[in-house]
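Chemist: Have a look at this one.
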Amino acid sequence: MSMTRAELQDAARGAFGGDELAVDRWDRVVEMGWLTMTVPEAQGGLGLGREAAGVIHSEMGRTVVPDPAIAQALVIEALSAADAVPDRDDLLARAMGGEVMTASLSLGDALDCVPDADRASHVLSVTAERIALLPLAAATITPRATWDTTRRLFDVVPGTGGITLAEGPAAATLAERLQQTLLLALAADALGGAAAILERTIAYLEMRQQFGRPLALFQALKHRVADMKTWLSAAEALFWSRTTDPAATLAEIGALKAHACTVYCAIAEDAVQLHGGIGLTMEYYCHLFLKRAMLDAVLGSDADYWEERAGRRALRATG
Amino acid sequence: MIGEAALTEALDTLRHSFRAWLSAEAPQDWRATCTTHDGFLATQRAWFAKLAAGGYAVPHWPAEWPGGGRSLAEQKVIYEELARADTPRLLLSFMSTYHAASTLLEWGSAEQQARYLPRILEGEIWCQGFSEPNAGSDLANVRTRAERRGDVYVVSGQKLWSTMGQFADMCLLLVRTSSEGAKQAGLTYLLLDLKAPGVTARPIHQIHGDEEFAELFLDEVEVPVANRLGAEGQGWAVAQSTLSSERGLTLLELSARMRGALWRIADLIHNGGRGDDVGLLRDFGRLATKIDATCALADQFLANRIAGEERVGDASLVKLSYSRTLRDFTAFGLRLGGLRSQYHDPIVYGGGMETGNWMADFMNSYAWTIAGGSDEVQRNIIAERLLGMPREPRTWTLEPSA
């Protein structure tokens, strides 16, 4: 990575501000060139790898931004890989330039959990046999009201037409890579969100006085925070080690995603408790993180699925 | 970068030569020979001697000592290969080569270093005499008295939780030489010969029936003034450097050993015919990932230390993560072991959590959540030092007992 992780993180944190949550920053994402990040330089991208993408998705998780950046990243990766498609360069340039092209965040065969489909020009269809970019002009788009209001999800039934990006064995290979990209982005979102809500919880405990002293002085509360920090630090270390490991398998990345989301849910749940009454309201930030944590946990398949796969893998590897 | 490539090559060379050395020299039968005290002691002594002769026993010592002068990255390679080869852990000499050595190197005079360090390399066993019945986590509360009479200190008191104290030759001893002023200011640090008249070591039977710790009774024991480390009254500072002796890498080794021991769980699943039990597979997958995360955290800790970016409290994150994961690991083994785990077998010493005796391993995991700074102490450090939360006001004063 030509730019260090810390430098990119500083740039992203500066661009997103930090105090304001759940604010649409799509223009900023485009302007900073983050949509071009993982695309090779020969195709007009920055040629940075997964580690850089991890930084950006983590920063978006920190401020729970509502933008369809994860879906767009999937489209861009699929286009970037589709060397044989005649219109590829034009489509890729448009996608990197901010024209919203979206994809399912469940990555099942049905086009559900599709962010921002109402403002997108195309949707990516991914099956093991065929990966295609479908125009949304003739599609049926049904909004889904989700508990997590920081994401806008839709069910899409596409019309006819569309451009095939990969077929056959090439499609299967690309589909697995896209799944890895999705899982890493969700894990990054989870860890960024977990770090942010933990910092906010600590700040709250230091500010809030009860029984004549700040809550942060109570050992029972400090110990809970210390446990959260420990699990978060271990999950972050695992994230960076798997993100920078080119040999990491889908099962390993899935297990990482499950672990990161479990940590996020645990921290977001504890944050509600540690904030007391105010944590229980819609007026404070806790619920934003909690609901996003719960959604992250099921997107791209849930912990039950990935932990079972990880268990089977560990059984094979060590038995 | 050329420098980095050369470094990687040098580490690979070390890895291959050490691996080759281990395949010829590592003890193969230690699980069978370590089921008795005598077998354990003999195996530990022989393995230490072999490692020392090969130049691998004290890679963390300075370069002027045989086998020393290894970089942190090289030490990591050595630990990883020791774990990979499933060698016995050096439990018996751990306190000597780490705690005693690092304290001597920092505080010892040239004469003291020249006298004791070679003896450690020859296999002399040291233990630590810090804790007392009323001074565990609250070490400033040490009450063992030392009174100077001419060229000797005369020491009386009781020490507790001295790891391997019943097998040791020497003891790092923290004593009180004054009760004036702050409690820390009255402490002095001595090197005690455990064969001196007036010393009684009594092993403590631990929860699993084994004797890993001892208590030491000191009755008018004479310790030469020449055996003092630092000045009189400087004991607290000397003890701090003993306590902060290099243990981060130990956790790296232990995490790697825990990951390496996952096959024991896999065996239990296979042998129980439970390879298709989805609930069990999920729990196993979750545990394996948690262990991977602990290993990644230990790796990152080392990378930060090498880069000079370690923060106060980082070591506590690694220790807490390890101790809780170890508890999960051994509890899972105990659950899978079923009734078989409830039957008492002779314990394999020196195998860490890999003894395969799940009940013993589970109970021994408390050694990691209590010893070396309990989980609660680590949580305080993480909250106060790493996260900057306010320190508890120290308003409570304890009257000295009569």
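The values are calculated or read from the model by the stated rules, or taken from the named source; none is laboratory data. Note that this is a predicted model, so its numbers are computed, not measured. Cβ atoms come from the backbone with ideal geometry, glycine included; neighbour counts cover every protein chain shown. With ligands, DNA and RNA removed, areas are computed over all heavy atoms of the protein, side chains included. Shrake-Rupley method; radii C 1.70, N 1.55, O 1.52, S 1.80 Å.
Chemist: I'd like to verify a number: residues in segment A:23-43 that are surrounded by fewer than 16 Cβ atoms within 10 Å (Cβ to Cβ), in contact with a helix residue (DSSP H, G or I) (Cβ under 9 Å, 6 or more places away or on another chain) and not in a helix (DSSP H, G or I), how many?
Modeler: 3
Chemist: How about segment B:170-220: which of its residues are part of a strand (DSSP E or B), of a type outside the set (D, E, K, R) and touching an Asp or Glu at 6+ places or on another chain (Cβ under 7 Å)?
Modeler: Once the filter is applied, which keeps residues that are part of a strand (DSSP E or B), of a type outside the set (D, E, K, R) and touching an Asp or Glu at 6+ places or on another chain (Cβ under 7 Å), segment B:170-220 yields B:MET170, B:THR188, B:PRO203, B:ILE204.
Chemist: Is it the case that B:ALA85 is open to solvent by 40 Å² or more (accessible area, probe 1.4 Å), among the small types (Gly, Ala, Ser) and in contact with a helix residue (DSSP H, G or I) (Cβ under 7 Å, 6 or more places away or on another chain)?
Modeler: yes
Chemist: State all residues of segment B:170-193 that are open to solvent by 10 Å² or more (accessible area, probe 1.4 Å), modelled with pLDDT of 95 or more and not hydroxyl-bearing (Ser, Thr, Tyr); if no residue qualifies, say none.
Modeler: B:ARG176, B:ASP193 - these are the residues of segment B:170-193 that are open to solvent by 10 Å² or more (accessible area, probe 1.4 Å), modelled with pLDDT of 95 or more and not hydroxyl-bearing (Ser, Thr, Tyr).
Chemist: Give the residues of segment B:22-46 that are within 14 Å of B:ALA83 (Cα to Cα) and either in a helix (DSSP H, G or I) or at pLDDT below 90 (or both), sorted by residue number.
Modeler: B:LEU22, B:SER23, B:GLN28
Chemist: Against the condition facing chain A (nearest Cβ under 8 Å) and modelled with pLDDT under 95, how does B:ASP299 come out, does it pass?
Modeler: yes
Chemist: To continue, here is another question. Taking segment B:278-332 on its own, how many of its residues are among the aliphatic types (A, V, I, L, M), part of a loop (DSSP other than H, G, I, E, B) and in contact (Cβ under 8 Å) with a residue 24 or more places away in the chain?
Modeler: Of the residues in that region, 1 qualify.
Chemist: Exactly one of (1) in contact with a His (Cβ under 9 Å, 6 or more places away or on another chain); (2) open to solvent by 40 Å² or more (accessible area, probe 1.4 Å) is unmet by A:LEU315. Its number?
Modeler: (2)
Chemist: Another question about this same structure. Kindly evaluate B:GLN240 against the criterion of being open to solvent by 20 Å² or more (accessible area, probe 1.4 Å), within 19 Å of the chain's Cα centre (by Cα) and in the same structural domain as B:ARG148 (by the TED database).
Modeler: Considered against the rule, which asks whether it is open to solvent by 20 Å² or more (accessible area, probe 1.4 Å), within 19 Å of the chain's Cα centre (by Cα) and in the same structural domain as B:ARG148 (by the TED database), B:GLN240 comes out as no.
Chemist: Restricting to segment A:4-22, count the residues that are part of a helix (DSSP H, G or I), in contact with a helix residue (DSSP H, G or I) (Cβ under 9 Å, 6 or more places away or on another chain) and not aliphatic (A, V, I, L, M).
Modeler: 4
Chemist: When segment A:143-182 is examined, which residues are found to be surrounded by 14 or more Cβ atoms within 10 Å (Cβ to Cβ) and under 30 Å from A:CYS286 (Cβ atoms)?
Modeler: A:THR146, A:ASP148, A:THR149, A:THR150, A:ARG151, A:ARG152, A:LEU153, A:PHE154, A:ASP155, A:THR181, A:LEU182
Chemist: Restricting attention to segment B:317-335, report how many residues are at the interface with chain A (Cβ under 10 Å from one of its Cβ atoms) and open to solvent by 10 Å² or more (accessible area, probe 1.4 Å).
Modeler: Number satisfying all stated conditions: 2.
Chemist: Let me spell it out: the conditions are (1) more than 7 Å from chain A (Cβ to nearest Cβ); (2) at pLDDT 95 or above; (3) open to solvent by 10 Å² or more (accessible area, probe 1.4 Å), and B:VAL312 meets all of them except one. Which number is the exception?
Modeler: Every listed condition holds for B:VAL312 apart from (2).
Each row is one residue, and each column tells you yes or no for (1) within 13 Å of chain A (Cβ to nearest Cβ); (2) open to solvent by 30 Å² or more (accessible area, probe 1.4 Å); (3) at pLDDT below 95.
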{"residue": "B:LEU280", "(1), (2), (3)": "yes, no, no"}
{"residue": "B:GLY285", "(1), (2), (3)": "yes, no, no"}
{"residue": "B:THR289", "(1), (2), (3)": "yes, no, no"}
{"residue": "B:ASN304", "(1), (2), (3)": "yes, yes, yes"}
{"residue": "B:GLY308", "(1), (2), (3)": "no, yes, yes"}
{"residue": "B:ARG340", "(1), (2), (3)": "no, yes, yes"}
{"residue": "B:MET353", "(1), (2), (3)": "no, no, yes"}
{"residue": "B:TRP358", "(1), (2), (3)": "no, no, yes"}
{"residue": "B:THR369", "(1), (2), (3)": "yes, no, yes"}
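Chemist: What is the number of the single condition among (1) open to solvent by 30 Å² or more (accessible area, probe 1.4 Å); (2) in contact with a Lys or Arg (Cβ under 7 Å, 6 or more places away or on another chain) that B:PRO62 does not meet?
Modeler: Result: B:PRO62 fails condition (2) only.
Chemist: For segment A:282-307, which positions are without any contact (Cβ under 8 Å) to a residue 24 or more places away in the chain, open to solvent by 40 Å² or more (accessible area, probe 1.4 Å) and either in contact with a strand residue (DSSP E or B) (Cβ under 6 Å, 6 or more places away or on another chain) or not hydrophobic (A, V, I, L, M, F, W, C) (or both)?
Modeler: The answer is A:GLU283, A:TYR284, A:ASP304.
Chemist: Mind checking which pairs have a first residue in segment A:87-99 that is at pLDDT below 95 and a second that is surrounded by 16 or more Cβ atoms within 10 Å (Cβ to Cβ), Cβ under 7 Å, 6 or more apart or different chains?
Modeler: A:ASP87/A:ILE163
Chemist: Among the residues of segment B:371-391, are any away from chain A (no Cβ under 12 Å), at pLDDT below 90 and open to solvent by 100 Å² or more (accessible area, probe 1.4 Å)?
Modeler: no
Chemist: May I pose another question? Looking at segment A:1-22 only, could you name the residues that are among the hydrophobic types (A, V, I, L, M, F, W, C) and either farther than 23 Å from A:LEU74 by Cα or open to solvent by 30 Å² or more (accessible area, probe 1.4 Å) (or both)?
Modeler: Scanning segment A:1-22 gives A:MET1, A:MET3, A:ALA6, A:ALA11, A:LEU21, A:ALA22.
Chemist: Among the listed residues B:LEU297, B:LEU268, identify the single one that is surrounded by 21 or more Cβ atoms within 10 Å (Cβ to Cβ) and under 26 Å from B:ALA383 (Cβ atoms).
Modeler: After ruling out the rest, the residue left standing is B:LEU297.
Chemist: Keeping to segment A:66-110, report how many residues are open to solvent by less than 20 Å² (accessible area, probe 1.4 Å), part of a loop (DSSP other than H, G, I, E, B) and either among the aliphatic types (A, V, I, L, M) or closer than 15 Å to A:THR127 by Cα (or both).
Modeler: 5
Chemist: Inspect all residues belonging to segment A:155-165 and state whether any of them is closer than 30 Å to A:ALA255 by Cβ, in the same structural domain as A:ASP83 (by the TED database), in a loop (DSSP other than H, G, I, E, B) and not basic (Lys, Arg).
Modeler: no
Chemist: Another question, then. Residues being within 10 Å of chain B (Cβ to nearest Cβ) and either hydroxyl-bearing (Ser, Thr, Tyr) or open to solvent by 10 Å² or more (accessible area, probe 1.4 Å) (or both): count how many of those fall in segment A:204-227.
Modeler: Qualifying residue count, segment A:204-227: 11.
Chemist: Further question: Please work out if A:LEU238 is modelled with pLDDT of 95 or more and within 7 Å of another protein chain (Cβ to nearest Cβ).
Modeler: yes
Chemist: Hey, among B:ALA135, B:ALA146, B:ALA214, which residue is small (Gly, Ala, Ser), open to solvent by less than 40 Å² (accessible area, probe 1.4 Å) and without any contact (Cβ under 8 Å) to a residue 12 or more places away in the chain?
Modeler: Sole residue among the options that is small (Gly, Ala, Ser), open to solvent by less than 40 Å² (accessible area, probe 1.4 Å) and without any contact (Cβ under 8 Å) to a residue 12 or more places away in the chain: B:ALA135.
Chemist: Just checking, which of B:GLU80, B:GLU111 is over 19 Å from the mean Cα position of the chain (by Cα), open to solvent by 40 Å² or more (accessible area, probe 1.4 Å) and among the charged types (D, E, K, R)?
Modeler: That would be B:GLU111, the only listed residue that is over 19 Å from the mean Cα position of the chain (by Cα), open to solvent by 40 Å² or more (accessible area, probe 1.4 Å) and among the charged types (D, E, K, R).
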